[in-house]
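Undergrad: Have a look at this one.
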Amino acid sequence: IFHFIDSVNTYLNAQNAVARNFTLWPIWGTPIVNEPTPMATNYAGEIANLKTTIRKRLLWLDTKWTSSIICPSPLNSSAFNFESEVSVYPNPSTDKINISVKGSTNELISASLFTMQGVKITSLKTVENNFSVDISTFASGIYFVQINSVKGSVIRKVVKE
């Protein structure tokens, strides 16, 4: 985000757009709706205020999104292949979900079920390509199942009726 802001700032200054804009509309020091305080008195100050606001917002967001289910590990090309090898069905379901992983033979596969809040409520490990997860005792709602193997990690939304 900050790299993008800096690159646009450099471009606008190189094209003399900043000077042309504020020559035509000299608004420095003029209160505008939701103007941050202290008000900037030049373009560099505006950029600094923008970065400060974004930095504070990102820090705040980091305190709200703490679950690993929200931000799984970075993907690589093999993870995309693994994504297409995983099937979760039936969805929606009332009693169990079936998980099928194509091409996995004697590889350890783990499946974890999470609530919408990111709380892990059950997990299992197997070397089977096709297995089931019992969800009959859970309340109706939306859950996430995370399937991990040596090939990658996949997260799928599951609806329990």
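Undergrad: Could you say whether any residue in the range 55-66 is over 30 Å from LEU12 (Cα atoms), assigned to a loop (DSSP other than H, G, I, E, B) and at pLDDT below 80?
TA: Yes, the conditions are met somewhere in the range 55-66.
Undergrad: If you don't mind, there's one more thing I want to ask. Only residues that are more than 15 Å from the chain's Cα centre (by Cα), open to solvent by 30 Å² or more (accessible area, probe 1.4 Å) and touching a residue at least 60 places away in the same chain (Cβ under 8 Å): list them for the range 143-154, please.
TA: Residue satisfying the conditions is LYS151 alone.
Undergrad: Could you please tell me which pairs satisfy a Cβ distance under 9 Å, a separation of 6+ or placement on different chains, a first residue in the range 34-62 that is open to solvent by 80 Å² or more (accessible area, probe 1.4 Å), and a second residue that is polar (S, T, N, Q) and assigned to a helix (DSSP H, G or I)?
TA: Qualifying pairs under 9 Å: PRO38/ASN49.
Undergrad: I've got another one for you. Collect the residues in the range 35-54 that are among the β-branched types (Val, Ile, Thr) and assigned to a helix (DSSP H, G or I), keeping them in residue-number order.
TA: ILE47, THR52, THR53, ILE54
Undergrad: Considering only the range 23-38, state which residues are at pLDDT below 85 and not small (Gly, Ala, Ser).
TA: PRO26, ILE27, TRP28, THR30, PRO31, ILE32, VAL33, ASN34, GLU35, PRO36, THR37, PRO38
Undergrad: Limited to the range 12-33, what total is found for residues that are surrounded by 11 or more Cβ atoms within 10 Å (Cβ to Cβ) and of a type in the set (Phe, Trp, Tyr)?
TA: Within the range 12-33, residues that are surrounded by 11 or more Cβ atoms within 10 Å (Cβ to Cβ) and of a type in the set (Phe, Trp, Tyr) number 2.
Undergrad: I'd like the full set of residues that are assigned to a loop (DSSP other than H, G, I, E, B) and either aliphatic (A, V, I, L, M) or buried (at least 19 other Cβ atoms within 10 Å of the Cβ) (or both), limited to the range 109-142.
TA: Matches in the range 109-142: MET116, VAL119, VAL127, ILE135, ALA139.
Undergrad: Here's something else I'd like to know. Is it the case that LYS157 is open to solvent by 60 Å² or more (accessible area, probe 1.4 Å), part of a strand (DSSP E or B) and either closer than 23 Å to LYS64 by Cβ or small (Gly, Ala, Ser) (or both)?
TA: Answer is yes for this residue.
Undergrad: Collect the residues in the range 1-34 that are part of a loop (DSSP other than H, G, I, E, B) and either within 18 Å of ILE54 (Cβ to Cβ) or not β-branched (Val, Ile, Thr) (or both), keeping them in residue-number order.
TA: Listed by number, the residues that qualify are ILE1, GLN15, ASN16, TRP25, PRO26, TRP28, GLY29, PRO31, ASN34.
The values are calculated or read from the model by the stated rules, or taken from the named source; none is laboratory data. Because the structure is a prediction, the values reported are computed rather than measured. Neighbour counts run over all protein chains shown; Cβ positions are idealised from the backbone, glycine included. Heavy atoms of the whole protein, side chains included, go into the accessibility calculation; ligands, DNA and RNA do not. Shrake-Rupley method; radii C 1.70, N 1.55, O 1.52, S 1.80 Å.
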